[in-house]
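Below is one structure, written out as structure tokens, with a few remarks after it.
Coordinate-derived values only; no laboratory data. This is a predicted model, so every value here is computed, not measured. Note: ideal-geometry Cβ built from the backbone for every residue, glycine included; neighbour counts use all protein chains shown.
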Amino acid sequence: MKAMNFVIVMLLFWLHPLQAGEPIDIGGKWLTPKGISIVQIKLINGQYRGEILSIHPKAFVNGEAPKDFHNSDPALRSRKLEGLIIMSGFSYNEKKERWEIHQIYEPERGKYFEGYVTLDGPDKLRVRGHVPGKKWLGSTEVWKRVK
């Protein structure tokens with residue numbers, strides 16, 4: 001009996017690494033912390049991207065949806081935030097079990113950052129953005145899944 005238990009335990013340890021490297025599905029609609037916008041992360045042609053799906057009316061200015069006012073490029077300041085791609089260049093880091101993101105755009109600052117996302121349970125997405133090359137210089141938000 002002890003030998004059988006040993007074999008079962010060894011099989012479980014042996015099989016576990018095969019499952020550990022599978023990418024985590026982060027697709028869905030996510031509410032940002034201030035409740036202002038819903039970002040949809042979806043898989044398109046094998047690549048994830050994050051797009052502002054909608055913005056809460058309390059963020060509207062004079063009845064109009066907010067625009068990209070803080071963009072460093074004056075030519076882009078008149079574009080609407082709804083429909084804007086704010087996350088791109090996702091790659092799965094198998095070792096750290098997270099999705100790393102090449103570009104995260106933060107409309108409130110009009111700047112691009114690098115970062116990563118991890119799931120904290122089925123309905124919480126931890127989003128970390130940082131200055132490129134300086135992982136210690138950034139901030140983390142927790143987004144909630146919209147059903």
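Miscellaneous remarks
- Within a Gaussian network of the chain (alpha carbon springs, distance under 10 Å), most fluctuating of Trp136, Trp30, Trp99: Trp136
- Relative to the longest principal axis of the Cα atoms of the chain, the long axis of helix 2-20 lies at roughly 20 degrees.
- Among 35-42, 105-112, 119-126, 61-68, the order from most to least packed when residues are scored by Cβ within 10 Å on average: 35-42, 105-112, 119-126, 61-68
- Rg/Rh for the chain, where both radii come from Cα atoms and Rh is the Kirkwood radius: 1.13
- Under 20 Å from the Val131 label point (7 Å along Cα→beta-carbon), backbone N, the range 59-93: 71-73
- One decimal place: the segment Glu22-Lys111 gains 28.9 nm when fully extended, by the rule 0.36 nm per residue minus the C-alpha distance.
- Extension gain, Leu119-Arg77: 0.36 nm per intervening residue step, less the Cα-Cα distance, totals 11.9 nm.
- Candidate lysines for bridging to Lys67, where Cα separation is under 26 Å - those fewer than 8 sequence places away on the same chain excluded: Lys29, Lys34, Lys42, Lys58, Lys80, Lys111, Lys144
- Subtracting the Cα-Cα distance of Lys144 and Glu94 from 0.36 nm times their residue separation leaves 15.6 nm of extension gain.
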